[in-house]
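The values are calculated or read from the model by the stated rules, or taken from the named source; none is laboratory data. Everything quoted here is computed from the prediction, not taken from an experiment. Here the Cβ positions follow ideal geometry from the backbone for every residue, glycine too, while neighbour counts run over all protein chains shown.
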Amino acid sequence: MSSHHFSIEFFPPKTPEACEKLRQTRARLYPLSPEYFSVTLGAGGSTQDGTQDVALQIHQEGQRAAPHVTCIGTSRQTIREKIMEYKSLGIRHLVALRGDLPNPYGELGEFHYANELVEFVRAETGDWFYIDVAAYPEMHPEAKSPQEDLINFVRKVRAGADAAITQYFYNPDAYFRFVENVRKEGVDIPVIAGIMPITNYTSLARFSDTCGAEIPRWIRLKLESYGDDLDSLRDFGLDVVTRLCEQLLAGGAPGFHFYSLNQAGPVEALCERLRTVGYRV
Ligand code: FAD
């Protein structure tokens, strides 16, 4: 039984109740022994403090934390201070992103693309941080063409990324083709498959439209048909995502990054299913 990459993503909670819920989620997920826990940064760089707080809690609880750093709406100096702070706290892992605009009129900031951020982090801190970047097997929604998106992906890897985490997807061929294309460009870093458990149809459909992830028609229609029957929807979602993970591992994917949405149950269920069929995640 070989061992596969496995990491989990959280977002910073906004209320004391949500903080407590995340604390309980962490306590349930730590025994699964993922390699690290990443913590998102709200659109436009909001939640800076929340991101750092959660990353620090994870770090102090003896786990590897990977805070997300974005460039939208911020300056070179602010980013410098933030990464130096993470360095002084002993954090050694970052997810470096351009970030999303909070609204269409939001300020871009001093850096416009993730490759500039990666280059800056390397220039300021050398090899201190392990750096993950984002990858889009179904193309970034703003990209002019798949080929340009690929070139831009390669550019940020060459700037110094150690690994990539994909946007979630439900079509394994999109992932395999993407990996094949980046390998042809001479990129050999791990491309970790981002996995979104299916637990709620409405919010998944809404989010997928904005981030450019496709929910295949047969999955969408089936999910729609469950209506308020959430138990059946979740059973079906677990089957679909387990099968996706199995196909990815069988096809050579190095492992997964689970978008937990701060919930322990779906990640536990998925790991349990994969472990019972012999995969070590
Ligand atoms: P980039 O790699 O900079 O690409 C953005 C677009 O510009 C692409 O269309 C690309 O083709 C193009 N491009 C890139 N470089 C160049 C260049 N040099 N010249 C011209 N065009 C270029 N968002 C948040 O706000 N907070 C988060 O915490 C967060 N976490 C994420 C985690 C993961 C794993 C993923 C997959 C996404 C996450 N996002 C997050 C969303 C992400 O910020 C958005 O998808 C954003 O629109 C693009 O970020 P990026 O780092 O991929 O950008």
For this session: Out of ARG217, ARG234, ARG206, report the one residue that is at pLDDT 95 or above and either within 20 Å of the chain's Cα centre (by Cα) or surrounded by fewer than 16 Cβ atoms within 10 Å (Cβ to Cβ) (or both).
Result: ARG217
For this session: Give region 69-107 a look and list any residue that's more than 14 Å from the ligand (Cβ to nearest atom) and at positive phi, or say none.
Result: GLY90
For this session: With the checklist (1) in a helix (DSSP H, G or I); (2) more than 29 Å from TYR130 (Cβ to Cβ); (3) touching a residue at least 12 places away in the same chain (Cβ under 8 Å); (4) touching a Phe, Trp or Tyr at 6+ places or on another chain (Cβ under 8 Å) in hand, flag the one item ARG234 doesn't pass.
Result: (4)
Exercise. Within region 131-151, which residues are more than 10 Å from the ligand (Cβ to nearest atom), assigned to a strand (DSSP E or B) and in contact (Cβ under 8 Å) with a residue 40 or more places away in the chain?
Worked result: none
For this session: Tell me which residues, restricted to region 154-174, are over 15 Å from the mean Cα position of the chain (by Cα) and within 7 Å of the ligand (Cβ to nearest atom).
Result: ARG155, LYS156
Exercise. Among all residue pairs at least 6 apart or on different chains, which show Cβ distances below 6 Å where the first residue, located in region 99-119, is under 9 Å from CYS71 (Cα atoms) and the second is basic (Lys, Arg)?
Worked result: GLU110/ARG76; TYR113/ARG98; ALA114/ARG98; ALA114/LYS156
Problem set entry | Per-region count, region 246-280, residues surrounded by fewer than 21 Cβ atoms within 10 Å (Cβ to Cβ) and β-branched (Val, Ile, Thr) | 2
Seminar exercise, completed: For region 178-203 the number of residues that are among the polar types (S, T, N, Q), more than 16 Å from the ligand (Cβ to nearest atom) and more than 18 Å from LEU244 (Cβ to Cβ) is 2
Exercise. For residues in region 179-203 being part of a helix (DSSP H, G or I) and touching a Leu at 6+ places or on another chain (Cβ under 8 Å), which is farthest from GLY126 (Cα to Cα)?
Worked result: TYR201
Seminar exercise, completed: Residues of region 204-231 being within 16 Å of the ligand (Cβ to nearest atom) and not in a helix (DSSP H, G or I), in sequence order, are GLY212, ALA213, GLU214
